[in-house]
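Down below is the structure, laid out as C-alpha cells.
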Ligand code: S3P
C-alpha cells in the first residue's frame with residue numbers, strides 16, 4: 001500500500017495522459033483529477049457525448065478515418081479553448097489519438113504529456129475483458145480470437161510506441177498495485193516533475 005499524502009496537490013500545468021488501449025489512462029486520470037481538485041475529461045467520452053453515439057457505433061457508421069480526423073479536431077479545439085480560459089485539467093486521450101509529432105508538440109506547448117506504459121502482455125489480457133473497443137471486434141461485433149488479436153495488437157503497439165515515447169514524461173504502471181496506488185505514484189511523479197520545471 002502506497003502512503004497517501006494528506007493534502008490535495010495543486011497542478012501547475014494541465015495533465016494529458018496517453019498510452020495504448022487498456023493502459024488505465026481514464027481510471028488513473030479520474031483519480032488524479034479528484035486528488036488535485038481539477039476537472040477530468042476523457043476524449044472518447046467527449047466525442048460520444050457530442051455525437052450522441054458510442055465509439056463502436058461511430059466506427060460502424062462513419063469508419064475509422066472519420067474517427068481519427070474527429071478525435072484530432074476535438075483535441076485541438078479542446079486544448080485551444082482550455083488554454084484561452086487558463087484552465088488546469090486532466091485529460092485522457094484515446095489509444096490512437098496521437099497521430100503525428102505535430103499533435104504531440106501542440107500538447108506539449110501548454111500541458112504535461114504523460115505516457116502510461118504497460119507491458120504488452122498485460123495490455124492484451126486487460127483489453128480482452130471489454131467489448132467496447134471497435135478495433136477488437138470482428139464484422140459481427142464479436143471479440144476476435146485471442147491469437148488474431150495478439151498479432152494485430154502487437155503490430156499496432158509496435159507502430160505506436162515511438163509516438164507514445166515522444167511524451168515528455170513516462171510512467172511505468174505496475175500491475176501488482178491497485179489503480180489507486182498506481183495513481184498515488186503517478187501523482188508523486190507529476191508533483192516532482194512540475195516542481196522541477
Ligand atoms: C482506440 C482506443 C480507444 C478508442 C477507440 C480507438 C485505439 O480508446 O479511442 O476505440 O485506436 O487505440 P482507449 O485507449 O481509451 O481504449
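No lab work stands behind these numbers, since they all come straight from the coordinates. In this text, all values refer to a predicted model and were calculated from it rather than measured experimentally. Positions of Cβ are backbone-derived with ideal geometry, glycine not excepted, and every protein chain shown enters the neighbour counts.
Along Cα→Cβ, 7 Å out, is where each label goes; now give me the distance between the ones at residue 46 and residue 128 in nm to one decimal.
Result for the modelled spin labels: 3.4 nm.
From the C-alpha gyration tensor of region 1-81, pull out the three semi-axes of the equivalent ellipsoid (sqrt of 5λ each), sorted largest to smallest, in whole Å.
Working: eigenvalues 170, 42, 21 Å².
Largest first, region 1-81 gives 29, 15, 10 Å.
Please give the length that would be gained between residue 174 and residue 61 if that part of the chain were fully extended, namely 0.36 nm times their separation in residues minus their C-alpha to C-alpha distance (nm, one decimal).
Values: separation 113, 0.36 × 113 = 40.68 nm, distance 3.68 nm.
Once the chain is fully extended between residue 174 and residue 61, it gains 37.0 nm.
Considering the convex hull of the alpha carbon atoms of the chain, report its projected area averaged over all viewing directions, in nm², one decimal.
On the way: hull surface 44.8 nm².
Mean shadow area of the hull around the Cα atoms is 11.2 nm².
Please report, to one decimal in angstroms, the Kirkwood hydrodynamic radius of region 137-191 built from all distinct Cα-Cα pairs.
Values: mean 1/r = 0.0713 Å⁻¹.
For region 137-191, inverting the mean 1/r across all distinct Cα pairs yields 14.0 Å.
Given labels modelled 7 Å from the Cα in the Cβ direction, how far is it in nm from residue 191 to residue 155?
Calculated label separation equals 4.5 nm.
For every helix of n ≥ 4 consecutive DSSP H residues, a contribution of -39,500 (n - 2.57) applies; sum these over the chain, divide by its total residues, and give [θ] at 222 nm rounded to the nearest 500 deg cm²/dmol. Don't skip to the end; give the middle numbers.
Working: 8 runs with 105 residues, N = 197.
Calculated mean residue ellipticity at 222 nm is -17000 deg cm²/dmol.
P(r) for region 105-197: what percent of alpha-carbon pairs falls in each 10 Å bin, starting at zero?
14, 36, 33, 15, 2, 0
Go ahead and run the numbers for FRET between residue 69 and residue 110, Cβ-Cβ distance against an R0 of 25 Å, rounding to 0.05. Please report the intermediate quantities before stating the final value.
On the way: r = 22 Å, r/R0 = 0.88.
My answer for the efficiency is 0.70.
For residue 148 and residue 85, what does the FRET efficiency come to when R0 = 45 Å and r is the distance between their Cβ atoms, rounded to the nearest 0.05?
Values: r = 45 Å, r/R0 = 1.00.
With R0 = 45 Å, the Cβ-Cβ based efficiency is 0.50.
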